[in-house]
Each structure stands twice: as C-alpha cells, then as structure tokens.
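First up is the structure itself, then whatever we jot down about it.
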2 protein chains.
Amino acid sequence: MDERPAMDELVPRLRELARADGEHGEAALLTALHPADLAAALPALTEEERFALLRRVPAAAGGQLLEYLDEEGRAALAAAVAPDALPALLDAAPAERAANVLRLLDPDRRRETLAALARRDEVAPLLAYPDESAGGIMRSGFVSLREELSAEGALAALRRLRPRADRAYYLYTVDGEGRLRGVVSVRDLIVAAPDAPLAGLADRDVHAVDADMDREDVARTLRRYNLLAIPVVDGAGRLVGATTADEVIDVLAEEATEDMYRMVGMDESERVFGPVRSSVRRRLPWMLVNLLWAFLAAAVVNLFDGTLARFTLLAALMPVVAGQAGNAGAQTATIAVRGMALGELGPRDALRATRKETAVGFANGLAVGAVAGGALYLWEGNAVLSAVLAGALAGAIALATLIGAVIPLGLKWRGVDPALAANIFVTGATDILSFALFLGLAALLIGRIV
Amino acid sequence: MDERPAMDELVPRLRELARADGEHGEAALLTALHPADLAAALPALTEEERFALLRRVPAAAGGQLLEYLDEEGRAALAAAVAPDALPALLDAAPAERAANVLRLLDPDRRRETLAALARRDEVAPLLAYPDESAGGIMRSGFVSLREELSAEGALAALRRLRPRADRAYYLYTVDGEGRLRGVVSVRDLIVAAPDAPLAGLADRDVHAVDADMDREDVARTLRRYNLLAIPVVDGAGRLVGATTADEVIDVLAEEATEDMYRMVGMDESERVFGPVRSSVRRRLPWMLVNLLWAFLAAAVVNLFDGTLARFTLLAALMPVVAGQAGNAGAQTATIAVRGMALGELGPRDALRATRKETAVGFANGLAVGAVAGGALYLWEGNAVLSAVLAGALAGAIALATLIGAVIPLGLKWRGVDPALAANIFVTGATDILSFALFLGLAALLIGRIV
C-alpha cells in the first residue's frame, strides 16, 4: 500500500530537478513517481520550472501523466514536448486524453501530429466532439456486446478483448446497428447460466446521454442517478463511448471554481501560483468595469453635495447602507447562481424564487434597519436621522435581494453566464440604489435633521 | 432507454399528489417514478408538501429513495415516516443509508429503531463513524477475498455472494486477519488461469484511506488518482468498506456550496426554496456582524468631518476607493479559499502565495489608480485631488490583496474555516483601510485641493 507523498516535500525536489538540467539519474524521479502525484505538484511550480520538467518526461511516463493533468497541465505539456516527440507520447496515453491534447494544438500541428499517431483511427473520431460536450469528456475503450450473445460467449469476448479493468465495469449491449439496448455487469455474466442470452440478462432501463449534450448536463445526470459511468450515444442512438464519474468530478470542480471566480470578477483559469503578469491581465479589465460603476455612483452622490455639506455625518453613514445592501444582493445572487448550477432552480421556478428572496430581504431589511436606527440614536440622539437610516436600510436591502435574484435569472434567460452577474451588475446597481435612497431621504428631511 | 422527466412537469404533479390526501391510485406515482427523480424534485416543494408526500411513501420505495436523498432530504424523510414504519423502510435501504438516517435521530429513537432492524448487525458497526469521516461516507457490501484463493475459487465465491453489481467493480484481497493486501478486477479473474492465486493477480499498489480521515481529504485522494472507489481501512489496516466516486461527487458539491455560501455570509444549509423564516434567521446574524464593521467604518469617516465639510466631492469619491479595494480583497480571498479546498495551496506555500498576490495587487492598484486619477482630472480638472485618488486607490488595492491572502490563510492555520473570512473580515477591513487612506491623504493636502 502506498502513502500519498506530501506536496511540501515533493515540490522542492521537483524544483531542484527542474534546475539540474539534463542529468540522467535525476530524471528517474519523473518515472518513479505516481503520475497523479506529479500532476498534483505541477501547479505549485513556476512556468519555467514546469517547462524544464515536462520537456524531459519520457514518452511512456508522459502518456501516463496525461491521464491526470487538467487542461492547463495538458497545454503546458503540449508546449514543452518537442513536436517530433509528441506522437509517441500521445500513443502512450488513453485515446481520449490524446484527443484532449490534439484539440489544443493549432490546425497544422494537429493534422501533422494526428497523422503520425499509431492509434490515429481510434483518436480521430473523438476529435469530432468539442471539449464542452458529452463526446468531449467520454472515455473510449468501453465494451459493447451484441445482445444475441450468450453469457458464456460474452465472457469469451471479454477474454479476447482484455479491456482496461476500469472500463469493464458496465458492459453495454447493442443491436445489429450498434444502437445501445441495455447494460449488464460482469457479475451478472458469471452468475448467469452459460447459455443465457445477454438480451435477457441486461437491464434495459439504462440512462444514456447524447454526444452533443453539454458536459454540465452530463455531470448533473450522472450525479442525480448516482452512477459510476453513463453511456454516450450519437444522434442515431449508437453507442460511441461512456463518461465516467472521475471525469465528472473534474467537470464539477472546474465549474464550481469558474462560478466562484466569476462572481468576484475573475477568469476561471486563474491559479494560486499562476504568473503575476497573467493574473494582472485577467483581473484588470473587470476592475475597470467596476470603476465605471463606481464613478456613476460617485456622480449620484455628488447630486446631493448641498445636503452633504450641511451634514457630513451622512457621508459617514452612506457606506453603511451600501455595504448592507450589497451584501444582501450578493447573498441572493449566490443562491441563484448555485441553484442553477446544481439544477435545483429551473426557469419556471424563477418567479417563485424571486418572490421568496424579496420576502427574506424585506424581513432582513426591517430587522437590520431597526437595529441600525436604534444604534445610531444611541450614538447621536437624532431621531429623524435614525429614521432616515432605518428606512433607507430596509428599502435598500429589500430591493437589493430583488436585484440579486432578477439579474442572474435574467442573464441565464439571455444565455449569459449568471455567475458574471454578482460582481458586475449586482454590486454596482445596489451601490447606486443605496446612495440615492439614503441621500434622497436625507435631502427631503434635511430641515428636520439639522 | 429512459428519458429524464422534466422537473417543470414533475413538480406540479407531486404538488397535486401532496394535496390529494390519502388517495390510493395517486400514490402509485411515488412507486412508479425513478427514486432519483423523486429525490431531485423534493427541494422544489414546500416543507408541508414534502411532509405530506414522504409520509405516504411505501417502505420499499422509501428505502430506494433514501439512496438518492441528501442530508436535508433524509432528515425530512425521517421526520415524516411514522416511528413504527421506519425500521421496515431502513431495512429496504442500503446499509450505509440506514446508518445516515440513524445518525440523525435522537439517541432514544435511534436505539429503538436500530433494535427493530432486521439488518442491525450490518448497520450497527457503521454508526461508529461520524458523517464527516471516510467511515461515514463509505459504502458497505464490498467484496473482500482471501488472497490464497485461486481465480476459479474467487469466481465461485462471487457466484455465492452475488454482490450488488456496482460493488463488484473492485474486488479487494485480504490476509488471514482481514488486512487489505491488494485489489483485483473481475476482468482479471476471468482472463486468468483458473488455478492462478489471487496474491499473484492482485495489484498491491492500492490507495487506501483511514476510516477516520476527513471526508474532504478522502474526496481529494480519490479525485487525484482518478479512482471510481477507494478502500477504507481501520487502525489495524483491516478493510471495513469503500467509498465510491458517486459519494465523493456529493461531498465535493456540498463543500463547494458551503464555501460559496460562507463567503457571502450564509449558512450552507440554505436552499433556493427553503422556508423564508429559516432564511431570515440564517442570514440575519451575519448581516448584524457586518453592521458592526460598517459602524466602525462610519466612525473612521466621521473623524474627517471637517475635511468632508470643506470639500463634499470627497464623500462621493470615497466609495470608489472602498469598492475597488473590497473587490481586490474578495478576489484574493476567493483564490486562497478555493486553492485550499482543491488542495493546491498548502501551509508552506502561504508565504509565496501572499507575495504573489501582493505583487498582483500592486500592479493592479497602480493601473486602476492611474485610470481613475486621469478620469477624475478630466471631470474636475483638480490635479491634486486626482493624485490623492490615484494614490489612495493604488495603496488600498495593494493592501487589500495582502489582507485577502493573509486572513484566510491565518484562519486556516487557527483551524477556522477560511471561507468565513471573505465576508466577515476582508470587506470590513478593506473598507476601514480605504476610508482612512483616502480621507487621510485628502486631509493632509486639503489646503492644496480647495
């Protein structure tokens, strides 16, 4: 039994290896390590270190490594390996990983590399599917058996085919045209009478997904039915592969990261140890969009300069309203974005969800407004000012929850990623709303405040 | 082949069924539906509708349903089913799901229900593990075979045991004491010579996890090695079960939801259609904590009332600085929280991560400061004011990224969930910092501004 090596020890060793250029003895580490551990350590290295390491990975080890790399890692590997060494490396990888890498290459290099593959007939058909589809995340090498076969005949076929152990979990039965008919387990085969036909043994109630289904929908389907693999069929119902739960785990983790990052205005490809330059480039544009909103909000505040000049405490209190409303809007937006990602919130539920959030916002707004108004009264002893703060808080929080629900749902409806809403629209809109409401109320009642 | 029923159609039918109390014919829907679809539809119902439905689920259908329910659904089922009907329902469920439900009951009801189970000897040992551990999320019913068996003997054992098809994927080999020794696939058994001993067929390089390992670590291990199941061993190395990828998918989805919710100050058990009252109760406390911070920030602003009174445009511009800095802090905190959740960011990397984020923040701060200062100069034509805004933005953004990195890492180090950082500490701290920096600079230079 194996212990997972601690990243804290592995990373410095790899870093050293990356620096000690070309030594033969040290490169043995790359082959001796479990490829999954090497893949897990790569994101902690700098771009240069990673390049120096991947450049020297032997073809067989590189093929195994590919199984465990995420998209960023695959791109780094493809960039580091010499063009004439790439085909041998891809031939040593599972066919679907070879296809993942080929999709990343420019058309010319893709064509040349594909032509040089020994297994090009196995890999080429996979290139028809985009990365984001069921076909793009399916594994090849699954076993399909004609349903006319007997249990004994199926076992004989398995002995002949010798599929990878982790592809022999579900055996799919097909008709004469290759159309998916059912699923049978190896357990069923060995328990059944030798001459029992597969058609009788197979479970016909099999969930399949279309090859062009979005990979997030595939992930949700597999998750809903607690499956370890789900077969993928083409437009004619023919079995073309299967997606496994380990691929779905990666899809769900990537999608969750993407949503979390977009909600604070970041690109999903940001990594803890990505290069500084690319982090700046990726975050700056969103910050400038936010700056535009902020100036708009400043212009709104500036409309009330007369009121502010007469009573500067208003300037100190206005961020209280904006902060609370912004937070309430972000909460609702998070619930809406996550609910849609998990498939709990469909388009027809939108109205109900919005109503519920507005009710929550109204109740929270009243409560926060009452507490804040009371606290301010204890601080300043100005009853009218306290009422203005309480009223503005209650109104701004209630409206912010409405905004936080409506904007993501509206973006989804228009085909835009709802996760983008939280940062760009919700905060900006709740800021402007809060300032206008609080300072507007104060301006109306300024005579009674001062 | 099955089509997934559209939730939009299923939910109204279930709602109707919940209202038509006690009719026999309609309850057939609960048995005819795929239990996974019923489980997926439940969160869209109100508490009362769910209760009315679950109260009438027959024991066999309820046992199947249990496989697909999340923790909230299990609690709802346990609350709806009559105490004397619960044992029959749990006996119809997988043993690990029965244990999930028993853990939710109060000690008396747990004892009584367990005593009434036909399969109590299978379920009772599982109760020793907490829900959050490897033992708490493992499946029972996995096959373990003595490594002295021959391939033929192992196949005979499988025919006798008839394990559930989805538990016969990996067969674990054990020694005379039940200690895990290796893993062998059914494929290997049928391909091998009949008299080949398992000890020779089994792969000894098997990743196992301790029963008391935190379930998040289990999920990360399974994910890193692209496994569909991982064996669970006790302190003596004895095989006690295995965790499957479908359980890990649920763990990872729940943890991601928890992180996203906590980052905006919400409880992880909030659902889109949870009751309004509980949503209010769960969000309000965090809003009041934020209110405290907001008042602190207001007090800081109020220190500069003289400056603000002389030049009210400062009041309009101060939220620009706070908004940008808050956003930069939230971005860094998100990267840190997600990096720790995915296992990409270990404690020893903390310093490097902080240094990188500060560099990004410094660069972004300079850029945003330059743009904002330039825009303000075009608007107002006041060079000193523009310089104050640019300088405050650059400084506040750079410091906010530092805060956004340091606070989550520090919380993690102190054993507190770092996701709590973003909402409670980072925003409050960046607000205060931004106001102090901008108004402080303005107060120093007020003579040259006005």
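Brief remarks on what is shown
- Residue satisfying condition, being in contact with a Lys or Arg (Cβ under 9 Å, 6 or more places away or on another chain) and at pLDDT below 90, within set B:Leu351, B:Leu342, B:Leu288: B:Leu342
- In region B:248-274, the qualifying residues are those that are within 9 Å of another protein chain (Cβ to nearest Cβ) and outside any helix (DSSP H, G or I), and the one that is modelled with the highest pLDDT is B:Val264.
- Taking region A:129-168 as the range and being under 15 Å from A:Val233 (Cα atoms), assigned to a loop (DSSP other than H, G, I, E, B) and small (Gly, Ala, Ser) as the test, the residues that pass are A:Ser140, A:Gly141.
- Pairs with Cβ under 8 Å, 6+ apart, first in region A:1-24 and at the interface with chain B (Cβ under 9 Å from one of its Cβ atoms) and more than 30 Å from B:Ala202 (Cβ to Cβ), second surrounded by 13 or more Cβ atoms within 10 Å (Cβ to Cβ) and modelled with pLDDT of 80 or more: A:Val11/A:Ala41; A:Val11/A:Ala44; A:Val11/A:Leu45
- Any hit, region A:77-86, residues being in contact with a strand residue (DSSP E or B) (Cβ under 8 Å, 6 or more places away or on another chain), within 23 Å of A:Pro125 (Cα to Cα) and touching a residue at least 24 places away in the same chain (Cβ under 8 Å): no
- Here is the figure for region B:202-212: residues that are part of a loop (DSSP other than H, G, I, E, B), open to solvent by 40 Å² or more (accessible area, probe 1.4 Å) and within 11 Å of another protein chain (Cβ to nearest Cβ) total 2.
- Candidate set: region A:223-247, residues that are part of a strand (DSSP E or B) and among the aliphatic types (A, V, I, L, M); chosen: the one surrounded by the fewest Cβ atoms within 10 Å (Cβ to Cβ): A:Leu239
- Residues of region B:218-232 that are free of Cβ contacts under 8 Å to residues at least 24 places away in the same chain and on the phi < 0 side of the Ramachandran plot: B:Thr221, B:Tyr225, B:Leu227, B:Ile230.
- Restricting attention to region B:347-358, the residues being in contact with a helix residue (DSSP H, G or I) (Cβ under 8 Å, 6 or more places away or on another chain) and surrounded by fewer than 17 Cβ atoms within 10 Å (Cβ to Cβ) number 2.
- Taken over region B:151-171, the criterion of being more than 10 Å from every other protein chain (Cβ to nearest Cβ) and surrounded by fewer than 19 Cβ atoms within 10 Å (Cβ to Cβ) is satisfied by B:Glu152, B:Gly153, B:Ala157.
- Scanning region A:49-81 for residues that are of a type in the set (Phe, Trp, Tyr) and not in a helix (DSSP H, G or I) yields a single hit, A:Tyr68.
- All of B:Glu258, B:Glu254, B:Glu247 fail the test of being in contact with a strand residue (DSSP E or B) (Cβ under 9 Å, 6 or more places away or on another chain) and touching a residue at least 60 places away in the same chain (Cβ under 8 Å), apart from B:Glu247.
- Selection status of A:Thr401, more than 15 Å from A:Leu317 (Cα to Cα), assigned to a helix (DSSP H, G or I), open to solvent by 40 Å² or more (accessible area, probe 1.4 Å) and in contact (Cβ under 8 Å) with a residue 60 or more places away in the chain: no
- Scanning region A:99-114 for residues that are closer than 18 Å to A:Ala211 by Cβ and touching a Lys or Arg at 6+ places or on another chain (Cβ under 9 Å) turns up A:Asn100, A:Leu102, A:Arg103.
- Only residues that are under 25 Å from B:Leu296 (Cα atoms), more than 8 Å from chain B (Cβ to nearest Cβ) and open to solvent by 50 Å² or more (accessible area, probe 1.4 Å) were counted in region A:294-320, giving 1.
- Within the option set B:Val143, B:Val186, B:Val218, B:Val191, being open to solvent by less than 50 Å² (accessible area, probe 1.4 Å) and at pLDDT 90 or above holds for one residue only, B:Val218.
- Residue count, region B:278-293 (criterion: within 7 Å of chain A (Cβ to nearest Cβ) and either among the polar types (S, T, N, Q) or in contact with a strand residue (DSSP E or B) (Cβ under 9 Å, 6 or more places away or on another chain) (or both)): 2
- Some residue of region B:28-48 being open to solvent by 50 Å² or more (accessible area, probe 1.4 Å), part of a helix (DSSP H, G or I), more than 25 Å from A:Leu222 (Cα to Cα) and at pLDDT 90 or above: no
- Scanning region B:172-181 turns up one or more residues that are at the interface with chain A (Cβ under 8 Å from one of its Cβ atoms), under 29 Å from B:Asp250 (Cβ atoms) and not aromatic (Phe, Trp, Tyr).
- Qualifying residue in region A:94-110 (condition: under 28 Å from the mean Cα position of the chain (by Cα), acidic (Asp, Glu) and on the phi < 0 side of the Ramachandran plot): yes
- Failed item, numbered, when B:Asp84 is tested on (1) open to solvent by less than 10 Å² (accessible area, probe 1.4 Å); (2) outside any helix (DSSP H, G or I); (3) not small (Gly, Ala, Ser): (1)
- Among the conditions (1) closer than 20 Å to B:Leu42 by Cβ; (2) polar (S, T, N, Q); (3) within 7 Å of another protein chain (Cβ to nearest Cβ), B:Asn226 misses just one, which is (1).
- Positions within region A:334-351 being touching a Gly at 6+ places or on another chain (Cβ under 9 Å), among the hydrophobic types (A, V, I, L, M, F, W, C) and at the interface with chain B (Cβ under 8 Å from one of its Cβ atoms), in sequence order: A:Ile335, A:Ala336, A:Leu345
- For the residues A:Ala359, A:Ala350, A:Ala442, the requirement of being under 17 Å from A:Gln324 (Cβ atoms) and either outside any helix (DSSP H, G or I) or not charged (D, E, K, R) (or both) singles out A:Ala442.
For (1) within 24 Å of B:Ala253 (Cα to Cα); (2) in contact with a Gly (Cβ under 8 Å, 6 or more places away or on another chain); (3) within 9 Å of chain B (Cβ to nearest Cβ); (4) surrounded by fewer than 24 Cβ atoms within 10 Å (Cβ to Cβ), each residue gets a yes or a no:
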residue	(1), (2), (3), (4)
A:Asn327	yes, yes, yes, no
A:Gln331	yes, yes, yes, no
A:Ala372	no, no, yes, no
A:Gly381	no, no, no, yes
A:Ser386	no, yes, no, yes
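- B:Arg281 of a type outside the set (S, T, N, Q), at negative phi and in the same structural domain as B:Leu149 (by TED's automatic domain parsing): no
- Residue match in region A:88-96 (condition: open to solvent by 30 Å² or more (accessible area, probe 1.4 Å) and under 30 Å from B:Ile190 (Cα atoms)): yes
The values are calculated or read from the model by the stated rules, or taken from the named source; none is laboratory data. Just so it is clear, the model here is predicted, and its values are computed rather than measured. Heads up, the Cβs are rebuilt from the backbone with ideal geometry, glycines too, and the neighbour counts pull from every protein chain shown. These area figures cover heavy atoms from the full protein model, side chains too; ligands, DNA and RNA do not enter into them. Shrake-Rupley method; radii C 1.70, N 1.55, O 1.52, S 1.80 Å.
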